[in-house]
Amino acid sequence: RAGVELTFCIGMTKDYDIASEDPQVRARGVEFLKQQAEMLGYMEARNLGGIIYSSWPGSLPEGVTDRRPYLDRSVESMREAVKVAEDNDAFLNVEVVNRFEQFLINTASEAVEYCERVGSAHCKVMLDTFHMNIEEDSFHDAIVKTGKWLGHFHLGETNRRAPGRGRIPWEEIGEALNEIDYSGAVV
């Protein structure tokens, strides 16, 4: 009644990693995401974001340098999970995070490519200014590149404090969000 919309953000644990080499772990993760999408529909909520494409924190196993098999497994798993999101008019938003927390999606460009591979309008990108500050060359360019794929936006300073208590260029970010006509959640 108050017009408040709930949004949700999680980090998948290793036992629910949809990019895992272990098919049982992937299946458990896909089922978990399907349940979350069903609950979003039940609660008339629309957005689940975070590191839902692998595990958090996550790093490549020692000696492994090719992340493509992990991306391929993740995309395949997300294609299955996002069907339930579509049925519930919900969105699964893959969060772009810095390389020190996860290895699969570190830039807006990588996230857009991931969503394009999944091939569903219900798989979107979640940008976070804290992580963008570490990985992106330009806040504006990253937001504009994400464009129609942007489904959720997190605000945070370079020092993880509230906006205005650090060095993030808020005017540049606001202009870029307006440029793409973003009307989703800003949290």
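The values are calculated or read from the model by the stated rules, or taken from the named source; none is laboratory data. Just so you know, these numbers come straight off a predicted model, no measurement behind them. Methodologically, a virtual Cβ is constructed for each residue, glycine included, from the backbone with ideal geometry; neighbour enumeration extends over all protein chains shown. These accessible areas exclude ligands, DNA and RNA; they are computed on the full protein's heavy atoms, side chains included. Shrake-Rupley method; radii C 1.70, N 1.55, O 1.52, S 1.80 Å.
Miscellaneous remarks
- Single residue of the range 1-15 satisfying the filter (outside any loop (DSSP other than H, G, I, E, B) and in contact with a Ser or Thr (Cβ under 9 Å, 6 or more places away or on another chain)) that is most open to solvent (accessible area, probe 1.4 Å): Lys14
- One residue from Leu150, Leu92 being surrounded by 17 or more Cβ atoms within 10 Å (Cβ to Cβ) and in contact with a Phe, Trp or Tyr (Cβ under 7 Å, 6 or more places away or on another chain): Leu150
- Qualifying residue in the range 28-36 (condition: farther than 27 Å from Phe153 by Cβ and not hydroxyl-bearing (Ser, Thr, Tyr)): yes
- Qualifying residue in the range 102-118 (condition: open to solvent by less than 40 Å² (accessible area, probe 1.4 Å), out of contact with any Pro (no Cβ under 8 Å at 6 or more places or on another chain) and either without any contact (Cβ under 8 Å) to a residue 12 or more places away in the chain or of a type in the set (S, T, N, Q) (or both)): yes
- Contact map, the range 155-177: residues that are closer than 20 Å to Val97 by Cα and among the basic types (Lys, Arg) paired with residues that are open to solvent by 60 Å² or more (accessible area, probe 1.4 Å) and assigned to a loop (DSSP other than H, G, I, E, B), Cβ distance under 9 Å, separation 6+ or inter-chain. Pairs shown: Arg167/Asn159.
- Filtered by the rule that a residue be of a type outside the set (D, E, K, R) and free of Cβ contacts under 8 Å to residues at least 12 places away in the same chain, the range 1-26 gives Ala2, Gly3, Val4, Pro23, Gln24, Val25.
- Qualifying residue in the range 16-26 (condition: open to solvent by 20 Å² or more (accessible area, probe 1.4 Å), at positive phi, part of a loop (DSSP other than H, G, I, E, B) and out of contact with any helix residue (DSSP H, G or I) (no Cβ under 8 Å at 6 or more places or on another chain)): no
- Any hit, the range 54-61, residues being in contact with a Ser or Thr (Cβ under 7 Å, 6 or more places away or on another chain), assigned to a loop (DSSP other than H, G, I, E, B) and under 21 Å from Arg28 (Cα atoms): yes
- Whichever residue in the range 121-146 is under 21 Å from Val75 (Cα atoms) and either among the hydrophobic types (A, V, I, L, M, F, W, C) or more than 14 Å from the chain's Cα centre (by Cα) (or both) and, among such residues, is surrounded by the most Cβ atoms within 10 Å (Cβ to Cβ): Met126
- Arg68, sole failed condition from (1) in contact (Cβ under 8 Å) with a residue 12 or more places away in the chain; (2) of a type in the set (Lys, Arg); (3) under 14 Å from Glu21 (Cβ atoms): (1)
- Counted residues, the range 27-53 - those being in a strand (DSSP E or B), touching a Leu at 6+ places or on another chain (Cβ under 7 Å) and within 15 Å of Ser77 (Cα to Cα): 0
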